[in-house]
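Nothing in this text is a laboratory measurement; each read-out follows from the coordinates by a stated rule. Source: prediction; values computed, not measured. Positions of Cβ are generated from backbone atoms using ideal geometry, with glycine treated the same way; all protein chains shown enter the neighbour counts.
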Amino acid sequence: MGKNKIQIRLTNLHDSTSDSKTSTVNLDKIVAAFWNDANIANSAQVDYTYVITEKTLTGNMDIQDMLNRKVQWVTEEDDILANSYKMDRDTDFSQVTLEAQRIRTFNIDYTVKSDAFLQ
């Protein structure tokens with residue numbers, strides 16, 4: 001089996017002050033388009049799978065590991081801000097949300113199921 005890895009960084013460039021917009025990106029379609037473009041001659045015959053993993057901004061640590069290590073400061077406004085700024089960390093990569101000025105990084109691991117492709 002062959003393995004390939006790429007890293008994708010998504011950015012929402014909308015201004016966060018006035019009319020901030022949340023964008024939704026279908027990462028599954030982007031991953032499939034990258035595969036098809038890189039293997040244009042024989043993408044239909046090759047059986048492959050992919051795994052998407054969200055990383056920190058720098059791409060060197062799983063996002064969940066970072067969140068587990070992050071210090072949770074206790075403040076007087078915790079009750080007011082409890083639900084104001086929660087990020088969606090779902091594993092449904094067909095609906096990746098990006099708030100204004102948000103950057104998110106993902107690693108994609110492609111695995112080719114057939115060894116015949118590599119010969």
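Ordering of 67-76, 93-102 by packing is 93-102, 67-76, highest average first (other Cβ atoms within 10 Å, averaged per residue).
Phi angles across segment 72-77 convert, under the Karplus curve 6.51 cos²θ - 1.76 cosθ + 1.60 with θ = phi - 60°, into 3J(HN,Hα) values of 9, 5, 9, 10, 6, 8 Hz, Gly and Pro given as x. Within straight-line reach of LYS113, meaning a Cα separation under 28 Å, sit the following lysines at least 8 residues removed in sequence or on another chain: LYS3, LYS5, LYS29, LYS55.
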